[in-house]
Structure formats: C-alpha cells, structure tokens
Amino acid sequence: MIIFNFIMSNMFEGKKILITGGTGSLGTALTKKLLDLNIDTIRIFSRNESKQIEMESKFDDERIRYFLGDIRDYNRLVRAVEDVDIVFHSAALKHVPKIEYNPFEAIKTNVIGSQNVIDACIETNVGKAICIGTDKAVSPLNTYGATKLLMEKLFVTANNYLDPKKHPTKFIAVRYGNVFGSSGSVIPKFIEQIKNQKKITITDNEMTRFSITMNEALNFILKASEFGQGSEIFLPKIKAYTINNIKESLIEILGNFEENNIGIRPGEKLHETLISNEEIRYAWEYNDMYMITNPLYPLFHPDVINNNYNGIKKITNMDSYSSDKVDKINKMELIEIIKKSNILS
C-alpha cells in the first residue's frame with residue numbers, strides 16, 4: 001500500500017479555500033490539514049448549524065469562516081465561492097439504505113447540487129475544483145453509487161464547456177474506498193455493538209472493502225489536487241480487508257462476542273471496484289497513483305498525454321481494480337491500525 005507522504009508545495013500557500021460539506025468527518029480533517037499549509041482562509045459550507053457550532057468549538061482559528069447553505073441553492077453557492085481559489089466538494093447524501101428509500105432527495109443533492117457547484121465555480125472563476133468520489137460509483141448497484149457516478153461525470157466533463165481564456169477552472173475527481181473508522185462505517189458500528197453487549201450484525205464474512213486511513217486519504221486528495229490538470233479521476237493504491245479479518249481483529253482486542261448474520265442488504269455488493277474492466281482502457285499509473293482519463297478531452301490524446309504528465313505509464317498488469325483482487329490487510333496490521341485510531345474510545 002502506498003503511504004501518501006504529501007510534501008507541501010506552494011499550491012495552497014496564501015489560498016482561499018471552500019469545502020462543501022465541511023462539517024463532516026472528511027471536511028473537518030481536511031480543514032485541520034489545510035490550516036498547517038499556510039492557507040489564507042477556509043470557508044466551511046454546510047447546512048447543519050449544530051455541526052458548525054460544534055466544529056467552531058474545536059477550532060480556534062480566525063482563518064476559518066462558516067457559511068450556512070445548501071448546495072441545492074445555486075445563488076447561495078455563488079456568493080460562497082466568490083474570490084475562492086480552490087473548492088473541495090464533499091457535500092452529499094451518503095447512507096445507502098436511506099438513499100435507496102429516498103432516491104429523489106439524493107438526486108437533488110448529489111447530482112443537481114454538484115452541477116450547482118460546477119456552475120458556481122465557472123461563474124466565479126475558481127482555480128481548481130475537486131470532487132470527492134467513492135468506489136460505489138463504479139458499475140453502481142445502488143442509487144447512492146449512481147448519483148456519485150453522475151457527479152464524477154459532471155466534473156470530468158465540465159472542462160469541455162469552458163474556454164480556458166475566459167474561465168480557468170480545472171475540474172478534478174478523486175475516488176477511493178472506505179475511510180477506516182469513519183462515522184457510520186463497519187468497525188465503529190461493531191465496536192459500539194460489542195461494548196453494548198449486542199450481537200454484531202454480519203452481512204457476509206467474505207465481503208471485502210477497500211480501506212484507507214483518514215491521513216492517507218487527506219494526503220492523497222492534496223496530491224491529486226496538485227498534479228491534476230483537469231478532467232482526471234485519481235485513485236490511490238490501497239489494500240482491502242474482509243469482514244472476517246475485521247471480526248478476528250476485534251476478538252483479539254475486545255474478546256469474544258456473538259454475531260447475527262443478516263445477509264447482504266439491498267444495494268450492497270460483495271466486493272467493491274475502484275476501476276472497472278471497461279475503465280481500465282483509459283487508466284494509467286501516475287505519481288504513485290492511478291488516473292483515469294476522459295477520452296473526450298484533448299489533454300489525454302494518445303499522442304500528447306506523455307508530454308502533459310511526466311513519467312506516466314499505461315496500466316498493463318490488471319484487468320480491473322477490485323477489492324477481492326488486491327492485497328488484503330492482515331489481522332496484525334488491522335489490530336495496529338485500530339489501536340492507533342480513536343475508534344476504540
């Protein structure tokens with residue numbers, strides 16, 4: 001697994017940055033990371049005032065501004081991104097079962113809201129806009145994945161609409177797997193169930209998921225933001241885990257517990273994919289990351305791509321990038337990661 005040791009460049013120094021969904025776990029961690037990079041200001045854009053107050057109490061930094069608003073509201077977005085250099089778009093409805101039951105709302109936020117972000121960035125000439133994707137966008141089985149796929153498509157094709165002499169915005173997508181220990185993910189859920197002396201709810205012991213720690217995700221996002229020239233999807237090189245490995249690791253840490261096998265829920269996959277076998281035709285290795293190119297964009301024409309991306313290599317050693325095919329995090333690695341994280345407390 002590549003550990004993304006991001007080396008600060010002058011890309012972020014003195015910049016004004018806006019994070020949509022900035023009060024979420026990723027937005028909060030990204031804010032903390034960016035504050036160390038000598039930025040000018042960070043604007044936190046979200047609709048949850050309680051979370052903004054909670055976040056405000058954690059950060060005592062005059063460089064942070066808090067903007068109440070919803071990405072469904074285009075006019076509010078335009079005001080929020082005025083004079084901003086870089087936008088990180090992480091706002092979304094994300095819980096698969098809730099979205100399966102409420103698909104109309106997910107489309108309004110994840111698709112139309114993302115188009116609003118793009119239009120607002122173009123209108124105000126933002127320098128770079130980076131959307132935060134998910135492995136569930138690949139060959140999506142659920143509505144959440146389908147909406148995130150459309151978000152990606154909107155971002156990587158947005159540059160097709162622009163005259164770079166008039167509008168300089170570069171739109172980039174990043175796509176990765178589960179952030180280890182993030183809110184709502186399987187490990188914190190299991191730990192909570194064990195501590196409350198409940199049976200843990202197992203879907204399938206052989207289920208696999210890509211996994212990346214929060215720090216690795218942040219370094220990856222910043223690295224992709226720096227090297228992206230517009231219309232790319234960047235992906236990290238990461239390992240995966242099985243549900244069985246998670247279970248064995250927690251037994252080692254917390255002792256034996258009971259389990260309840262509930263089966264795979266509607267909209268879930270047994271394994272997740274970061275690059276499909278169709279996308280692999282447009283996939284490359286670049287700067288210790290994978291990159292999927294947009295075949296409709298001139299930057300990626302076969303005759304010129306090597307000139308635009310120094311050291312780029314075509315992927316030839318795999319037909320897809322799937323969580324059942326990559327190296328697995330073993331039990332000892334998982335135990336170490338869990339103990340070093342804050343999720344046990």
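The values are calculated or read from the model by the stated rules, or taken from the named source; none is laboratory data. Just so you know, these numbers come straight off a predicted model, no measurement behind them. Every residue, glycine as well, gets a Cβ built from its backbone with ideal geometry; the counts of neighbours run over all protein chains shown. Each accessible area value is taken on the protein alone, full model and side chains, heavy atoms only, with ligands, DNA and RNA left out. Shrake-Rupley method; radii C 1.70, N 1.55, O 1.52, S 1.80 Å.
Please work out which residue is modelled with the lowest pLDDT, limiting yourself to segment 278-315 and to residues that are within 19 Å of K170 (Cα to Cα), open to solvent by 20 Å² or more (accessible area, probe 1.4 Å) and among the aromatic types (F, W, Y). Per the criteria, the residue is Y297. Selection of segment 28-85 for residues being hydroxyl-bearing (S, T, Y), in contact with a Lys or Arg (Cβ under 9 Å, 6 or more places away or on another chain) and open to solvent by 50 Å² or more (accessible area, probe 1.4 Å) yields only Y66. For segment 99-148, the candidate set comprises residues that are in a helix (DSSP H, G or I) and of a type in the set (K, R); within that set, the residue that is nearest to L270 (Cα to Cα) is K136.
Would you mention how many residues in segment 20-67 are acidic (D, E) and in a helix (DSSP H, G or I)?
Residues in segment 20-67 being acidic (D, E) and in a helix (DSSP H, G or I): 3 in total.
Does K339 count as in a helix (DSSP H, G or I), out of contact with any Cys (no Cβ under 9 Å at 6 or more places or on another chain) and surrounded by fewer than 16 Cβ atoms within 10 Å (Cβ to Cβ)? Here the answer is yes, as K339 does meet what is asked. Filtered by the rule that a residue be open to solvent by less than 10 Å² (accessible area, probe 1.4 Å), of a type outside the set (A, V, I, L, M, F, W, C) and not in a helix (DSSP H, G or I), segment 212-231 gives G228, G230, S231. Taking only pairs six or more apart or across chains, which ones have beta-carbon atoms under 9 Å, a first residue in segment 179-198 that is more than 13 Å from I246 (Cα to Cα), and a second residue that is charged (D, E, K, R) and crowded, with 16+ Cβ neighbours inside 10 Å? Close Cβ pairs (under 9 Å, with a partner that is charged (D, E, K, R) and crowded, with 16+ Cβ neighbours inside 10 Å) amount to V179/E216; G184/K94. Checking each residue in segment 143-158 for being touching a Lys or Arg at 6+ places or on another chain (Cβ under 7 Å) and either open to solvent by 10 Å² or more (accessible area, probe 1.4 Å) or among the polar types (S, T, N, Q) (or both) picks out only Y144. All conditions in (1) charged (D, E, K, R); (2) touching an Asp or Glu at 6+ places or on another chain (Cβ under 7 Å); (3) surrounded by fewer than 20 Cβ atoms within 10 Å (Cβ to Cβ) hold for E272, with the sole exception of (3).
Go through D73, D83, D135 for me and flag whichever is of a type in the set (D, E) and out of contact with any strand residue (DSSP E or B) (no Cβ under 7 Å at 6 or more places or on another chain). Result of the check over D73, D83, D135: D73.
Restricting attention to segment 174-189, the residues that are more than 9 Å from the chain's Cα centre (by Cα) and not in a loop (DSSP other than H, G, I, E, B) total 4. Among the residues that make up segment 232-243, is at least one of them of a type in the set (S, T, N, Q), open to solvent by less than 10 Å² (accessible area, probe 1.4 Å), touching a residue at least 40 places away in the same chain (Cβ under 8 Å) and not in a helix (DSSP H, G or I)? No, segment 232-243 has no match at all.
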